[in-house]
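So the structure is just underneath, and the comments pick up after that.
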């Protein structure tokens, strides 16, 4: 679906010997670097999501510099015309939405590129009605389930309790794309406390759960307005760009009108999964 | 009493769901939830209709409240939203170009 928005003719063809193509959510992004060691770091970091045969939809040239100060601050994302500028203490990046090409200046660590990938994906997804959201997600019995909540609500716990027949897509940042009939959740390499990369699989999204720890396991219906409010609090907004915010806002509201949103009150025991799937 | 005019900022995304409204500031992504009464005022904030007229014709007509009670609350509400940059307040009518339409209304199923 996103292919129409991603002019593949604008980017380099597949199998670039100086590049690593990382495909998340079905959107391949080519990361080019002349440094073989750094390419090795990328291949290791994104193992399971590297697809060198894919025709990239977007690309970044990575220029390595001397180690910069590690940074805990949020990245600053702003748009000038068609170009997005992404800055943090440890990197600077630019990305042109017309050509889908960009560059990144950073030291040889995977953390900066991880942030840039999240931001690039969120910008691409916003164009097609999808989003990244602070939520764990898992696939089970052919369907995907989202588990959103504030820090401490239980995203890691529910992921850790997942039964063997459930496939963890992520315990931290879920990837949601709009499809013709609904929505689809994809695995991501963006790991949280579990420090476990998600599986590179996808499934149609059946239910989005809002997590709340309690003394019993119970599922409650959530009204559309409350669902929209909750979802919007968890969606990743990297840029305070009016056009982008309006698109994501619209996407969230469309999502809650099409996907069941329920509150999952649960005690931290594996039996909670009897209510899921 | 000076007349006040109110208009929705263009820098917001909003949607009326049921009798309430959810508003998101496009400048800082903050969310605002408007009650049923606040939604009536928000929807009427076209920049051309004075706040007193909105209170008299909409709020008092739809809810069991007197103008002298409703107006101070309505003004306080408008000033609060203005502080967050999602509503404009002026002593004069506000050009329609500054107001906004609900987001996505035309494309949602």
On C-alpha positions alone, give me the angle between the axis of helix A:110-128 and the longest principal axis of chain A, in degrees, nearest 10. 70
Quick one: helix B:67-83 against the long Cα principal axis of chain B, what's the angle to the nearest 10°, folded into 0 to 90? 30
Between the Cα axis of helix A:36-45 and the main Cα principal axis of chain A, the angle (0 to 90°, nearest 10) is 10
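Normalised by the residues of chain A, what does the relative contact order come to in percent, with Cα pairs under 8 Å and at least six apart?
Values: 621 pairs, mean separation 44.2, N = 277.
Averaging sequence separation for qualifying contacts and normalising by length gives 16 percent for chain A.
Indicate the gyration tensor shape class of region A:2-128 (rounded, prolate or oblate), computed on the Cα atoms with a ≥ b ≥ c the square roots of the eigenvalues: a/c under 1.5 is rounded; otherwise a/b larger than b/c is prolate and the rest oblate.
Oblate, because a/c is 1.5 or more while a/b does not exceed b/c.
With the Cα gyration tensor of chain A giving a ≥ b ≥ c as the square roots of its eigenvalues, does the rule (a/c under 1.5 for rounded; else a/b larger than b/c for prolate; else oblate) give rounded, prolate or oblate?
On the way: a/c = 1.80, a/b = 1.59, b/c = 1.13.
Prolate, since a/c reaches 1.5 and a/b exceeds b/c.
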Most to least packed among A:19-31, B:10-22 [average Cβ atoms within 10 Å]: A:19-31, B:10-22
Averaged over residues of A:244-252, the number of beta carbons from other chains lying within 10 Å of each residue's Cβ is 6
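For peptide B:10-21, what's the mean number of Cβ atoms from other chains within 10 Å of each residue's Cβ?
4
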Note on the protein assembly as shown, DSSP bridge orientation, antiparallel percent to nearest 5 equals 75
Given springs between every Cα pair under 10 Å in a Gaussian network model of chain A, which of A:72, A:250, A:171 has the largest fluctuation? A:72
What is chain B's relative contact order, in percent, from Cα pairs under 8 angstrom and six or more apart in sequence? 40
Exposure proxy check: B:64, A:35, A:165 ranked by fewest other beta carbons within 10 Å? B:64, A:165, A:35
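Quick check: from the Cα gyration tensor, does region A:178-241 come out rounded (a/c under 1.5), prolate or oblate? Each step should come with its number before you reach the end.
On the way: a/c = 1.33, a/b = 1.17, b/c = 1.14.
Rounded is the answer for region A:178-241, as its axis ratio a/c remains below 1.5.
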Taking every residue of A:227-236, the Cβ atoms of other protein chains inside 10 Å of its Cβ average out to 2
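Read the figures in this text as sums done on the coordinates, not as results from a lab. Because the structure is a prediction, the values reported are computed rather than measured. Every residue, glycine among them, receives a Cβ derived from its backbone with ideal geometry; neighbour counts consider all protein chains shown.
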